[in-house]
Every structure is written in C-alpha cells, then in structure tokens.
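Everything on this sheet refers to the single structure shown next.
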Amino acid sequence: MVRPSLNDLAAFAAVASHRSFRRAAEVMGVSRSALSHAIIGLEGKLGVRLFNRTTRSVSLTQAGARLLARLDPVLQDLDQALDTLSEERGTPSGTLRINANKSGARILLAEVVPLFLDLYPDVELDLVSEGRLVDIVEQGFDAGVRLLEAIPRDMIGVKFGGDVRFIAVAAPSYLDGRAIPNTPDDLHAHCCIRQRLPSGKRYRWEFSKRSAEVAVDVPGNLTLDDNDLLVQAAADGRGIAYIPEHFAQPFLESGQLVTVLDDWCPPIPGLALYYPRSRHVPSPLRAFIDLLREVDKTR
C-alpha cells in the first residue's frame, strides 16, 4: 500500500467533517474537482472506498468511519503542535473564521477587528455575516457570534457589547387616531410588520413584565426578514415593528418613530462569541478573545 500524504488525510477529514465536497473545498481553499481527485487518489492508495456518494449526499463507509475515528485526534494534536510553534514565534498566524449575525458583525468591525488586524498582521480574518444559526464546527468556523441565549449548550460563550433590548416602535402618523397598545394582547387590534426568521419561521414577538412572559403571533399584511427594512417600514407608517433598540435609535432621535409597550420590553443578555468546549483553541482565536474582553471592559 502506498502511504498517503498528510494533505490527502487532511482532505479526507475535511470532507468527512462537512459531509460535503463543496463545503470542504471552500474551507480548504481548493476547487471542488481538485478535492474530489484527491479523495479518489486516497481511496486508490488505501484500496478501500471511504465515502458513499450520491448527487445529493456524502456519507462515510464503515472503513471511512474507522479511519476518521483514529485520524481526527491525530490531526487535532498536529494542529496544537503547530499552534505551539506559532506561540513560540511570538505572534499568532493563520486563518481565523468567525460566523456572526449582522449586529454582531457590526460591533466587531467597529470596535475589535481594526485593533486585531493591526496587532496581528499575520492572521487572516474571515468574518461571515448571516442570520441563520449554523453548526460552526460542521461549517468549518473557529467561532460564532449570536445572542447569548441562543448559543448551544456544548459551547463556551464570551459575552460582549452589553445587554440588548427589543422594542416595539411605530411612526406617529400610524398611531394618530388609533388606540395606543398598553399590553401585548392589544397588538391584535393593530397592523404589525412581522419578521421572517432565517429558519423560515415567522417570529413570535416576546414580551415580559415582572413575572409575566408573553409570546404574540401578531397580525399584519407585511412580513420582512431584515431589521433595517423593518425599521424603515415602521418609519414609513406601515405599522408597528419589533426590533433591537440600536436599529431604531436614529429614528427615535429624529422623531420619525416612537416606542410603545415600553414597560413590556426589558433588556436581555446580549451578544457572545462562542466556540467549541471540547476542542483546542488556536492561537488566533485566543488572541481575538483576549482583545474582545479587553475592549469590552472599556465600554
């Protein structure tokens, strides 16, 4: 048997982890065809089939699963060994991939990323902004950013940016001549601008007051999937919107919007950067976390 190269084994581990040639190729920075040829060559060298392939899915064969179980800890140990060398050299290097929602990406870009890139020029930061909550391990990310309450239990979270507050807002022109809602149930008599979540589900507005918690499937004839669009539609008088306060702040200051149900909209724990509990933390991520904590102390 011809001994496979480390690149061959790393390619196998990437496809096995992502269950997708396309995703693995994106993470590795190679073409899908090159990755496919590498796997075919590896299977030829080993004399066994490692993957079951169809037009829609990729899964491990029994032989592939056995190889992955033995190979995965070896590759992690190798990554840790190389990372140790990077630390001894004095500065982190390599690629740091972070998946964040739009709010998180904005805060990081404004407060942390410029400092990080100046301090660590040998690190390539890949910041992907999307609304859906992804499996950061499966998708090849080192860390993610979401609301603290949405972080999976098997992850470590580093809170930053302070608490957030979702508020109900409307244009004075919309409220003119209408009864201002005093409780969440009063929203059923109003036209609300509803929100479609990245999962495809429609968001139920969540309110709380002392010990009472209420989730309302509000009525309305307009549904949007972006906070910037929601706040603009509310400012245009299309109805009541429910959005993070910082999106509405410029419109509140200009008088284009006013709040309703203020006493039903307390602050909640805000954003956190999260990463796998069970994996070695690479030096670029450790440096990013340290800087994030340092910047957050000065807020």
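Candidates are the residues of region 144-154 that are assigned to a strand (DSSP E or B) and not charged (D, E, K, R); the one that is nearest to Leu285 (Cα to Cα) is Gly144. Just for region 155-170: of the residues that are in contact with a strand residue (DSSP E or B) (Cβ under 8 Å, 6 or more places away or on another chain) and in a loop (DSSP other than H, G, I, E, B), which one is surrounded by the most Cβ atoms within 10 Å (Cβ to Cβ)? Filtering region 155-170 for residues that are in contact with a strand residue (DSSP E or B) (Cβ under 8 Å, 6 or more places away or on another chain) and in a loop (DSSP other than H, G, I, E, B), the one surrounded by the most Cβ atoms within 10 Å (Cβ to Cβ) comes out as Gly161. The lone criterion from (1) open to solvent by 20 Å² or more (accessible area, probe 1.4 Å); (2) in a helix (DSSP H, G or I); (3) touching a helix residue (DSSP H, G or I) at 6+ places or on another chain (Cβ under 7 Å) left unmet by Leu229 is number (3). The residues listed here are Val281, Val218; of these, the one that is outside the structural domain of Tyr174 (by the TED database), assigned to a loop (DSSP other than H, G, I, E, B) and without any contact (Cβ under 8 Å) to a residue 60 or more places away in the chain is Val281. Counting only residues that are crowded, with 17+ Cβ neighbours inside 10 Å and closer than 27 Å to Ser211 by Cβ, region 257-289 holds 7 of them. Of note, Lys209 satisfies the criterion of being in contact with a Phe, Trp or Tyr (Cβ under 7 Å, 6 or more places away or on another chain), open to solvent by 50 Å² or more (accessible area, probe 1.4 Å) and outside the structural domain of His280 (by the TED database).
Filtering region 211-247 to residues that are in contact with a Cys (Cβ under 9 Å, 6 or more places away or on another chain) and over 19 Å from Arg146 (Cβ atoms) leaves Val216, Val218, Pro219, Gly220, Asn221, Leu222, Arg238, Gly239, Ile240, Ala241.
The values are calculated or read from the model by the stated rules, or taken from the named source; none is laboratory data. Since the structure is predicted, the reported quantities are computational estimates derived from the model, not experimental observations. Here the Cβ is made from the backbone with ideal geometry for all residues, glycine too, and neighbour counts use every protein chain on show. For accessibility, only protein heavy atoms count, side chains too; no ligands or nucleic acids. Shrake-Rupley method; radii C 1.70, N 1.55, O 1.52, S 1.80 Å.
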